[in-house]
1. Which pairs have Cβ atoms under 7 Å, sit 6 or more apart or on different chains, and link a residue in the range 46-72 that is within 18 Å of residue 2 (Cα to Cα) to one that is in a loop (DSSP other than H, G, I, E, B)?
2. I'd like to know if the range 29-37 contains one or more residues that are at pLDDT 90 or above and in a loop (DSSP other than H, G, I, E, B).
3. Can you say whether residue 60 is open to solvent by 100 Å² or more (accessible area, probe 1.4 Å), among the β-branched types (Val, Ile, Thr) and either at pLDDT 95 or above or not in a helix (DSSP H, G or I) (or both), as far as the supplied structure shows?
4. So which residues in the range 1-15 are touching a residue at least 12 places away in the same chain (Cβ under 8 Å) and either in a helix (DSSP H, G or I) or within 17 Å of residue 56 (Cβ to Cβ) (or both), if there are any at all?
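The values are calculated or read from the model by the stated rules, or taken from the named source; none is laboratory data. Here the structure is a predicted model, which means the values were calculated and not measured. As a convention, Cβ positions derive from the backbone with ideal geometry for all residues, glycine included, and neighbour counts pool all protein chains shown. Protein only, heavy atoms only, side chains kept; ligands, DNA and RNA dropped before computing areas. Shrake-Rupley method; radii C 1.70, N 1.55, O 1.52, S 1.80 Å.
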Amino acid sequence: MQNIIFFAQIISAILLVLSILLQKKSVGLSATFGGGGSNSFSSKRGVDKLLENATIFFAIVFFGSALAGIFV
């Protein structure tokens, strides 16, 4: 059982990193603090939304497998 949780954690970590790296690049830190222009509050569509949802899913799976590894 610990091996399954261990491999799930490794796979979810790799997929989480890939989904983060594939997301759209912004201008830099200036976009984070309001200097990104008029498209700061636009909704995500298509591949951007899919990558955002995949990132959230992989983060939840990674966190869940980390907790399961502690208690098992």
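1. 72/1
2. no
3. yes
4. Passing the criteria: 2, 5, 6, 8, 9, 12, 13, 15.
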